[in-house]
Amino acid sequence: MARTPSTMLPLGTPAPDFNLPDVDGDLTSLDDFDGAPALLVMFICNHCPFVIHLRAALAAFGTEYGEQIAIVAINANDANAYPDDAPDKMADEAADAGYTFPYLFDASQEVAKAYHAACTPDFFLFDAERKLVYRGQFDDSRPGNGKPITGADLRAAVDAVLAGKAPSEEQAPSLGCNIKWRPGNEPSYFG
């Protein structure tokens, strides 16, 4: 199981635009979330053990915070090489997991590159002005490390934004499987 950390995109970065199909084929864009006090963009997939580890917690987080902030998940994996991450399987995963947030497919992988996404899961929280205020881990639980899944890090960041405060700038990178880039499409931010 490869362990890839977040790139830790600089705080204050504006949210990159996107216009991607969800599991029903309907397009969802950044503009669809105008007016929300915060936007959480999560890069996840169906087959990654790190995402599977958090699956129920991500669904619960979406239910708990989905009325207060905008939440969207994006799968950018190469579905040709990883058919378990294909759009038809994403629809099943969203239903089985109980995701209440849009689950989008980034076939070109250009949105993942724009966000400097590196791993699944990778979390990016933007404030009302769509400036990055948090990028990092859900919490410090990982498959096999025995630590409870609490979502403490992400919850603290969201709660701070909802209270009109800036999250702590001390943020630990997320850790997960690397995004499965199409051959020759690896982003330049990896060297």
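The values are calculated or read from the model by the stated rules, or taken from the named source; none is laboratory data. None of the values given here were measured: they were computed from a predicted structure. Positions of Cβ are backbone-derived with ideal geometry, glycine not excepted, and every protein chain shown enters the neighbour counts.
A few remarks follow.
- For region 128-140, the count of residues that are over 15 Å from the mean Cα position of the chain (by Cα), of a type outside the set (Phe, Trp, Tyr) and farther than 25 Å from ASN19 by Cα is at least one.
Each row is one residue, and each column tells you yes or no for (1) within 23 Å of LYS180 (Cα to Cα); (2) in contact with a Lys or Arg (Cβ under 9 Å, 6 or more places away or on another chain); (3) not in a loop (DSSP other than H, G, I, E, B).
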| site | (1), (2), (3) |
| --- | --- |
| GLY62 | no, no, yes |
| ALA73 | yes, no, yes |
| VAL133 | no, no, yes |
| PRO143 | yes, no, no |
| ILE149 | no, no, no |
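- All strands (runs of 3 or more DSSP E) inside region 1-59 with 3 or more residues being closer than 16 Å to PHE124 by Cα: 39-43
- Hits in region 77-101 (condition: surrounded by 18 or more Cβ atoms within 10 Å (Cβ to Cβ) and either in a helix (DSSP H, G or I) or aromatic (Phe, Trp, Tyr) (or both)): ASP85, LYS89, MET90, GLU93, ALA94, ALA97, TYR99, PHE101
The rows are residues; the columns are (1) modelled with pLDDT under 95; (2) in contact with a strand residue (DSSP E or B) (Cβ under 8 Å, 6 or more places away or on another chain); (3) closer than 26 Å to GLY144 by Cα.
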residue	(1), (2), (3)
ALA81	no, no, no
ALA86	no, no, no
GLU93	no, yes, yes
ASP96	no, no, yes
TYR99	no, yes, yes
